[in-house]
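Read through the structure below, which is laid out as structure tokens, and then see the notes.
The values are calculated or read from the model by the stated rules, or taken from the named source; none is laboratory data. Just so it is clear, the structure is predicted and the values come from calculations on it, not from any experiment. A quick note on method: Cβ atoms are made from the backbone with ideal geometry, for glycine too, and the neighbour counts reach across all protein chains shown.
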Amino acid sequence: MRTLRTVSEVRAALRRPRSEGRRIGLVPTMGAFHEGHASLFRRAHQDCDEVVVSLFVNPAQFNDRADLVAYPRDERRDAAIAAELRVDYLFAPTVEEIYPHGFSTSVSVGAISEVLEGEHRGREHFDGVATVVTKLFNIIAPDIAYFGQKDAQQTLVIRRLAEDLNLPVEVEVCPTVREPDGLAMSSRNQLLSPGDRARAAALNRSLQTAQALVAAGQADVRLITAAAETELRNAAIQPEYVQIVDPDTFAPLARIDRPALAVVAARVGTVRLIDNQMLSPSPR
Ligand code: AMP
């Protein structure tokens, strides 16, 4: 595996494989690798000849400075994991390489960036994501880029971005990888105290409660979200939001008469976590 630091190094390294018609897969990450990341690397390997992983803690998408400072960073460990998983190139640029002096362009995706995560973290969050992902697509020019369903709203922002700007890249969304107790894997989980780590499993439990009600025929979103919130409160977790939305637009639903997405965000101790789960009404 080669570690690349600059845009010109990436372009030089990929010129030959691209000219030989080799398919290039990109997995954008912020590092602190876990099995969720590993699943994307493996998936990229199945479809592509060259796998590029970007490792960049993108300051533009952090609305909370303390979150940016606390974000776990361990490039040496990440490089070892990526090499072990046969990643071909690790693109780990500096902040100055991505945002050089004078940088002043922002990519902003409408509507979908404004609700839920956009509302709670501020507009800048998805603008920061859309801007850095556009840059990564332009720098690496992957055939396919891989993202996790764990960040469901982010995947919609990126699909919209790729479609609206005619970016010549296929966007693949891969399933959420979970800990044995159901907690969605996240780089932020390592910041949880042991007590908070145990409580955090309630996020997934609340989504499972929602799914169980839907499977039993309950269609009233108010009742379902109330039950999910109770599951969180029983673990002394105050949700930022629990909502049931249309999986394609994130518009809130009142009744579940077609597949829907339950989304949750909550602070557990000082750590903000998100999760989501598809809800499928039982066939009648
Ligand atoms: P991050 O490093 O947290 O920005 O994540 C990089 C990519 O990995 C994003 O597309 C995430 O959605 C994805 N990802 C993060 N956690 C998981 C998980 N538990 N399962 C699957 N994909 C994940």
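Condition first: among the polar types (S, T, N, Q), surrounded by fewer than 22 Cβ atoms within 10 Å (Cβ to Cβ) and within 12 Å of the ligand (Cβ to nearest atom). Now tell me which residues in segment 154-172 satisfy that.
Applying the first criterion (among the polar types (S, T, N, Q)) to segment 154-172 yields 154-155, 166.
With surrounded by fewer than 22 Cβ atoms within 10 Å (Cβ to Cβ) added as a condition, the list becomes 155, 166.
The answer is THR155, and nothing else.
Of the residues making up segment 43-74, those that are within 15 Å of MET1 (Cβ to Cβ) and within 13 Å of the ligand (Cβ to nearest atom) are ALA44, VAL53, SER54, LEU55.
Are any residues in segment 1-32 near the ligand (Cβ under 9 Å from one of its atoms) and either in contact (Cβ under 8 Å) with a residue 60 or more places away in the chain or on the phi > 0 side of the Ramachandran plot (or both), and if so, which ones? Reasoning before the result, please.
Taking segment 1-32 as the starting set, the residues that turn out to be near the ligand (Cβ under 9 Å from one of its atoms) are 27-32.
If the condition is that a residue be near the ligand (Cβ under 9 Å from one of its atoms) and either in contact (Cβ under 8 Å) with a residue 60 or more places away in the chain or on the phi > 0 side of the Ramachandran plot (or both), then VAL27, PRO28, MET30, GLY31, ALA32 are the ones that fit.
Could you check, for segment 235-243, whether at least one of its residues is surrounded by 18 or more Cβ atoms within 10 Å (Cβ to Cβ) and either in a helix (DSSP H, G or I) or touching a His at 6+ places or on another chain (Cβ under 7 Å) (or both)? So far as segment 235-243 goes, no, none of its residues is surrounded by 18 or more Cβ atoms within 10 Å (Cβ to Cβ) and either in a helix (DSSP H, G or I) or touching a His at 6+ places or on another chain (Cβ under 7 Å) (or both). When residues of segment 124-142 are filtered for being crowded, with 19+ Cβ neighbours inside 10 Å and more than 25 Å from GLU75 (Cα to Cα), how many remain? Counting residues in segment 124-142 that are crowded, with 19+ Cβ neighbours inside 10 Å and more than 25 Å from GLU75 (Cα to Cα) gives 1. Among the residues of segment 170-212, those identified as in a helix (DSSP H, G or I) and of a type in the set (Ser, Thr, Tyr) are SER187, SER206, THR209. Scanning segment 53-69 for any residue that is of a type outside the set (Ser, Thr, Tyr), farther than 27 Å from MET185 by Cβ and in contact (Cβ under 8 Å) with a residue 12 or more places away in the chain turns up nothing. Can you tell me which residue in segment 1-31 is farthest from the chain's Cα centre (by Cα), limited to those that are surrounded by fewer than 19 Cβ atoms within 10 Å (Cβ to Cβ) and hydroxyl-bearing (Ser, Thr, Tyr)? So, considering only residues that are surrounded by fewer than 19 Cβ atoms within 10 Å (Cβ to Cβ) and hydroxyl-bearing (Ser, Thr, Tyr), the one farthest from the chain's Cα centre (by Cα) is SER19. Pairs are defined by a Cβ separation below 9 Å, a sequence spacing of at least 6 or placement on different chains, a first member in segment 185-211 that is among the acidic types (Asp, Glu), and a second member that is surrounded by fewer than 18 Cβ atoms within 10 Å (Cβ to Cβ); the pairs so defined are ASP196/GLY269; ASP196/THR270. Just one of the listed residues (ALA200, ALA130, ALA212, ALA162) is under 15 Å from the mean Cα position of the chain (by Cα) and modelled with pLDDT of 95 or more, namely ALA130.
Out of the residues in segment 178-206 meeting the condition of being more than 16 Å from the ligand (Cβ to nearest atom) and not hydroxyl-bearing (Ser, Thr, Tyr), tell me which one is farthest from ASP67 (Cα to Cα). Selected residue: ARG205.
In segment 71-123, of all residues being hydrophobic (A, V, I, L, M, F, W, C) and surrounded by fewer than 17 Cβ atoms within 10 Å (Cβ to Cβ), the one that is nearest to ASN166 (Cα to Cα) corresponds to ALA111.
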